[in-house]
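So the structure is just underneath, and the comments pick up after that.
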Amino acid sequence: MSAREIPLIVAWFPTAAPEGAAYGKHTETTWGEIIEALAKRREGEKDGPGFVPARFALEPDGQRIRRKKENLAARTLIALDIETSKATGEIPPPPKASLDKAKALGLACLVHTSHSHRENGSPRYRVVFPISDEIACEIPAPEIMAEHLGLAGVLDKSKINAASLFYAPSCPVGLKSIHFFAAVDGMPVSADCITDSGIALLRKRQAEADRIAAEAQAAAAERRAAKLTAGFDPDDSLIEKIRVHLDLEQILLNHGYAQSGRKYRHPASTSGQFGADIKSLGGIDRVFSHNATDPLHESNLPEWCGKVTALDAFDALAILDYGGDRKKALTSLAEKFGLSKTAESKALARMIFNLIRRRASQEEIEAQARAEGERLGLTWDEVCRVAVWAEQKTIQSRRAA
């Protein structure tokens with residue numbers, strides 16, 4: 001069977017910005033009919049009819065579909081939105097170059113410029129492939145095909161979700177002449193091959209997530225052991241007392257994160273992926289994010305996080321509500337929950353006593369006291385008062401001896 005004759009289902013919607021729920025309808029069509037439909041370019045405003053390369057569950061009326069991720073049933077085409085990278089400034093190759101690359105791979109494909117494409121600016125266009133059969137929505141097919149075409153760095157990752165809507169070709173009035181459309185014949189993308197590659201990629205990502213989680217757990221265990229060695233009980237800290245009042249999942253939801261099981265997506269995400277995971281490490285829920293625009297992503301974390309990228313409820317709240325000001329978060333939350341700093345002062349004093357007993361230098365005592373005091377939510381003045389008291393007690397003890 002020619003790729004043009006492959007039967008498929010595409011979801012069409014009258015607008016990308018409806019007033020109310022996004023309802024549309026399925027169209028039973030072929031790849032050849034899709035080429036004919038997308039070869040026509042509308043002149044006018046950007047908003048207008050668009051398609052989603054997927055099949056959705058039908059609404060109760062048996063006719064309409066609603067564009068919601070949870071209603072997805074299968075991906076029916078692979079569509080890539082190509083534009084200059086916002087992160088790196090990388091400019092895409094010309095549309096025809098990408099079409100030629102698909103042709104060289106022996107794949108059926110169409111390429112058309114999108115509404116915002118300009119002749120003297122960087123190219124903006126869409127690359128669409130037929131699939132030999134429907135595939136699971138979770139398969140990261142757009143990313144895999146972008147890699148094959150050398151377009152991974154200019155792929156708009158906000159449009160890789162199977163529920164993403166793509167406008168039918170349009171342009172401002174009078175600019176039709178600068179736009180491009182072409183299709184090449186070839187084989188459809190193999191559903192089996194793209195599924196196998198997608199599963200391998202998902203497993204690789206999960207392995208990386210597990211590695212990060214394991215490193216975070218090991219780092220937390222190392223810090224705990226160091227505290228115990230110094231005579232400090234990690235379970236008797238202000239952070240622990242605050243954490244029992246916090247719910248990590250609710251913190252994320254309160255800050256606009258979308259949820260899918262135990263995965264979350266920051267509202268400013270450009271990839272469209274649910275890239276933040278919650279895992280229980282050592283009995284404590286922690287979140288680590290793969291979305292680069294997420295404040296909880298490792299590249300955006302404050303210095304006090306160190307190498308730790310899996311964040312507990314307090315860490316997340318300190319970053320999201322207090323701009324990463326850990327001291328301010330501790331003080332504010334301790335006041336909010338009516339927590340005393342007496343235990344924290346005693347814990348700091350025990351640590352200072354241990355440093356004095358092992359004859360640590362004054363510089364080391366000051367550095368560790370400052371760091372531990374900040375972790376415990378004590379101000380520098382409070383740390384100094386504890387240190388003076390500990391020193392006086394040590395002098396009194398030595399005189400008595």
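No value in this document is a laboratory result; all are computed from the given coordinates. Computed from a prediction, not measured in an experiment: that's the story for all the values here. Ideal geometry is used to build each Cβ from the backbone, glycine not excepted, and the neighbour counts take in all protein chains shown.
In the Gaussian network model of the chain, springs joining C-alpha atoms below 10 Å, which of ALA276, ALA97, ALA141 carries the largest mean-square fluctuation?
ALA97
PHE180 to GLU303: FRET efficiency via 1/(1 + (r/R0)^6), r the Cβ-Cβ distance, R0 41 Å, to the nearest 0.05?
0.30
Using a basic spin-label model with each label point 7 Å from the Cα along Cα→Cβ, how many nm lie between GLU364 and ALA209?
Label-label distance for GLU364 and ALA209, simple model: 4.2 nm.
So how long is each side of region 114-204 along the principal axes, counting just the alpha-carbon atoms, biggest first, in Å?
46, 27, 24
So, counting K/R as plus one and D/E as minus one, what does the shell of residues with Cβ under 14 Å around VAL287 add up to?
-2
Taking only DSSP H segments of four or more residues, each worth -39500 (n - 2.57), what value at 222 nm results for the chain once the sum is divided by all its residues, to the nearest 500 deg cm²/dmol? Can you show the working numbers first?
Values: 11 runs with 152 residues, N = 401.
Helix contribution divided over all residues of the chain: -12000 deg cm²/dmol.
To test your reading of the geometry: what angle, between 0 and 90 degrees and rounded to tens, separates the Cα axis of helix 191-229 from the longest principal axis of the chain?
Orientation of helix 191-229: about 10 degrees from the principal axis.
When Lys and Arg each count +1 and Asp and Glu each count -1, what net charge do the other residues less than 11 Å away from PRO140, Cβ to Cβ, add up to?
The answer is +1.
Give me the angle, in degrees from 0 to 90, between the Cα long axis of helix 313-322 and the longest principal axis of the Cα atoms of the chain, rounded to the nearest 10.
Orientation of helix 313-322: about 80 degrees from the principal axis.
How about LYS103: which lysines have a C-alpha closer than 23 Å to its C-alpha, ignoring those fewer than 8 places off in the same chain?
LYS40
Which of the trypsin sites (Lys or Arg not before Pro) found in region 343-397 are in a DSSP loop and have at most 14 neighbouring Cβ atoms, other than their own, within 10 Å?
Details: sites: LYS346, ARG350, ARG357, ARG358, ARG359, ARG370, ARG375, ARG385, LYS393; in loops: ARG358, ARG359.
Loop-located and lightly packed - ARG358, ARG359.
Taking other Cβ within 10 Å of each residue's Cβ, how do ILE251, ILE91 sort, fewest first?
The most exposed by this proxy come first: ILE91, ILE251.
Any idea what angle helix 362-376 forms with the longest principal axis of the chain, computed on alpha-carbon atoms, 0 to 90 degrees, nearest 10?
60 degrees
Taking region 342-400 as the region of interest, what is the percent of Cα-Cα pairs per 10 angstrom bin, listed from the shortest bin to the one with the maximum distance?
Going out from 0 Å in 10 Å bins, region 342-400 shows 25, 59, 15, 1 percent.
For the chain, what does the relative contact order come out to in percent, with C-alpha contacts under 8 Å and a separation of six or more?
Reported as a whole number, the value is 13 percent.
GNM on the chain, C-alpha springs below 10 Å: top fluctuator among ILE34, ILE194, ILE178?
Result for the chain, Cα springs under 10 Å: ILE178 fluctuates most.
Would you compute, for the Cα atoms of region 3-189, the largest minus smallest coordinate along each principal axis and list the three values in descending order, in whole Å?
Answer, in whole Å and largest first: 48, 35, 32 Å.
Report P(r) for region 257-398: all Cα-Cα distances, bin width 10 Å, range 0 to the bin holding the largest distance, values in whole percent.
11, 32, 27, 18, 9, 2, 0
So if I take the centroid of the Cα atoms in region 12-72 and the same for region 300-376, what is the distance between those two points in Å?
After rounding, the separation between the Cα centres reads 53 Å.
Identify all aspartates and glutamates with a Cα-Cα distance to LYS25 below 13 Å; exclude those on the same chain that are fewer than 8 residues away in sequence.
Of all the aspartates and glutamates, those that pass the test against LYS25 - Cα under 13 Å, at least 8 places apart if same chain - are GLU59, ASP61.
Using the Kirkwood formula over every pair of different C-alpha atoms, what hydrodynamic radius in Å results for region 60-129?
14.4 Å
Given 0.36 nm per residue, what is the gain on full extension from ALA258 to LYS336 after removing their alpha carbon distance, in nm?
The span from ALA258 to LYS336 would gain 25.4 nm if fully extended.
Could you tell me how many cubic angstrom of Cα convex hull volume the chain has per residue?
176 Å³
Please name which of LEU355, SER397, LEU378 has its Cα lying farthest along the dipole of region 342-400 towards the positive end, using unit charges on Cβ (Lys, Arg +1; Asp, Glu -1) and the Cα centre as origin.
Going by the charge dipole, the pick is SER397.
Highest GNM mean-square fluctuation, the chain, Cα pairs closer than 10 Å: which of GLY50, GLY275, GLY121?
Among GLY50, GLY275, GLY121, the largest mean-square fluctuation in the Gaussian network model of the chain belongs to GLY121.
Tell me which aspartates and glutamates have Cα within less than 17 Å of LYS341's Cα, excluding those fewer than 8 residues away on the same chain?
List returned: ASP233, ASP235, ASP236, GLU240, GLU372, GLU374, ASP381, GLU382.
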